[in-house]
Structure formats: C-alpha cells, structure tokens
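Here the structure is laid out as structure tokens; the discussion comes afterwards.
All of the numbers you see were taken from the coordinates with simple rules; none came from a lab. Just so we're clear, the structure is a prediction, and the values are computed from it rather than from any experiment. Positions of Cβ are generated from backbone atoms using ideal geometry, with glycine treated the same way; all protein chains shown enter the neighbour counts.
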Amino acid sequence: MSNNPAKTRPYDNLTPDVILDAIESMGFAVDGSLFPLNSYENRVYQIGLNEGDDLIAKFYRPLRWTDEAILEEHHFSHELAEQEIPVIAPLNIDGQSLFIFEGYRFALFPKRGGRSPELDNEEHLEWLGRFMGRLHAVGRTARFQHRPTLTVKCLGYDSYHYLTENHFIPDYLQHNYCLVVEEILQKVSNRFEACEASNIRIHGDCHPGNILWTPKGPHFVDLDDTMMGPAIQDLWMLLSGDQGQMEKQFKVIMEGYSMFSSFDSAELSLIEPLRALRQLHYSAWLARRWDDPAFPLHFPWFNTPRYWEDHLNDLRQQNMLLDEHIIKYR
C-alpha cells in the first residue's frame, strides 16, 4: 500500500472554504451553501449561488487521470451534447472546462434532477436503447487517445494481482480464491479472443445509478469512466433476472438501439465475462482506496472475513455461469 498522502488521503486539504473559494475564483457569487453528493472516487458538491440555479462542482481525485484524459472526457460530453444527446456536459468558461485551485483540478456542471429509470418498464428500456444507440453512433466516429481501453488485463488480472500482492485475501481463503479467479480469467480471456469485439468510445460505467429519468427522458450525469470498449459494456448492466428475462429485456432495448446504431450479436457472449470482470474490479477498487478515510467510513463491511467469503462464493457462481449462460438475440 502507498504511503504517498496524495494517493491515500488526497482530499485532506479540500475544506469547505477551499471548495467555495474555488467556485468564486471562476466568477460565481456563492451563498455559502454546500451539499456533498454521493461520490467517493471524486468529490462532488452542490453549490448554492446568490443568483441563478445551483452548480455541481466535481473535484477530480489527484493522480488518477492526466489532464489530457479528463479533457477527452469533457470533449466527448460536449460532442454528445452538440448532437442533442442528453448528457450533462461541463461548463465552458473562457474556452476552458478544466480548472485548478490550490492544487485541485475541478469542473463545473449545471444541476439537473431526475430519478432512477424503471428497468422493468418496457417504454423506459426502449428509450434507453435509443439513447445508447445514439451515443454509440457518435462514439464510433473517433477514438480516444488518452482514455483507457477495456481489457481483461486492466479489469481482471491487474485487480487480481493487486488483491493478492497486497494481502487483502485472508490466508485461509487464498488457495481457493486463486484457483477460482485464475479459472475465471482464463475463461474470460478465451471468450474475448473468440468474440473479437470492436472497441468504440463508450460511457463505460452505465449502471442505473448514473442515469437520471425525467419527463423528457433519461440523461447521464457522469462520464468519469468513459473509455474504449465493446458496445455491450454499456448495455449489459441494464439487464437483470434469469436468462429468459434478460433476453426479453435485451430485445426491447434493441428495438430502440437499432434505430441509430448497429450491434454485433457476438458481443452477447461477453455479458457474463464482463460481469465477472466487474466483480473483481469492484473489490480491487475498494482495496486501492482503503487508505482514503471516506472508504472505511462508507464501506465498513469491506475487508472483513465475511466479505471475502461471500465474494469467493459469488465468484464460484459466476464461474459456473461462464460455462452455460449466453443470452440470445434474434
């Protein structure tokens, strides 16, 4: 584990005064109100202004992204917004969208409300399909140069090695954990090689919590994990239930998606591999951030014997799904 304070306690100096001063440095008159929003990787706040609607301020985790990677995220957001795709893009002020104050990089966004989508509602699913089809149509027109690419190595092997090399797995589980994970990663690697999916610019973390629904439809509020990857990465997290239920949901999504973008049905074979990679990556993400005081506070159940026992059982079940569970789309 790192002893670098910028890595382990990166927000110690991000006090309320610093946050409000940062907003005022951009020419906004704040009213002194500041409300933290549900974000742990970065720090995100709703800021009250003396005049006009509140702003959302996002302070990027130090050392995570380069400036170039953040600006590619911003450019993609603006590119989507210019095509009237409902993504909340950062504000441009004097031609800039990434700012710095007392060592902290930040961006400002308009405040937009909404609620979670109803994924059991076919109208919502088809609408989300249209939304994702339009996003991917834009995503195919260029490539990222500074953002990551989704690979088995970065999400799978790197996560596995971090957890084992930093001794997060209890000794009494280590042997069985390694056997299961290595088998999973071999199966996942084989599936990716067989699929040969095309990588495009995608949202990257398209879970329902990153989608807000309004009477005018859905919008995304966070492209922090945008990357190069297969289109199915932005679709599989909208599915739930058994194989039959997921096939029905996916058919509805495709009714909207195919209006704006093509889809290679071979990518359906990546759903369970991507789910396995997410399970590994999530545990490693928590482990990598465990020295940040916000993480033990908000995730007290992590890194306990019970957590790792349950995680191992989940991986065993996922390993079985990798042998048998491929949804079909006709």
Checklist entry - What is the calculated FRET efficiency for ASP67 to THR141, with r their C-beta to C-beta distance and R₀ = 30 Å, to the nearest 0.05? => result 0.80
Checklist entry - GNM, the chain, Cα, under 10 Å: largest mean-square fluctuation among PHE101, PHE260, PHE220? => result PHE101
Checklist entry - GNM, the chain, Cα, under 10 Å: largest mean-square fluctuation among GLY133, GLY156, GLY113? => result GLY113
Checklist entry - Do you know the relative contact order of the chain, to the nearest whole percent, from alpha carbon pairs under 8 angstrom that are 6+ apart? => result 19 percent
Checklist entry - Taking only the alpha-carbon positions of region 5-110 and ignoring solvent, what does the Debye formula give for the base-10 log of I(q)/I(0) at q = 0.24 Å⁻¹? => result -1.48
Checklist entry - Can you tell which of PHE250, PHE76, PHE295 shows the greatest fluctuation in a Gaussian network model of the chain with Cα springs below 10 Å? => result PHE295
Item to check | For region 229-330, diffusion coefficient by Stokes-Einstein and Kirkwood Rh (Cα), 4 °C, 1.567 mPa s, µm²/s | outcome: 83 µm²/s
Next on the checklist: Taking 0.36 nm per residue of sequence separation and subtracting the Cα-Cα distance, how much length would be gained by fully extending the chain between MET26 and ASN190, in nm to one decimal?
Outcome noted: 54.0 nm
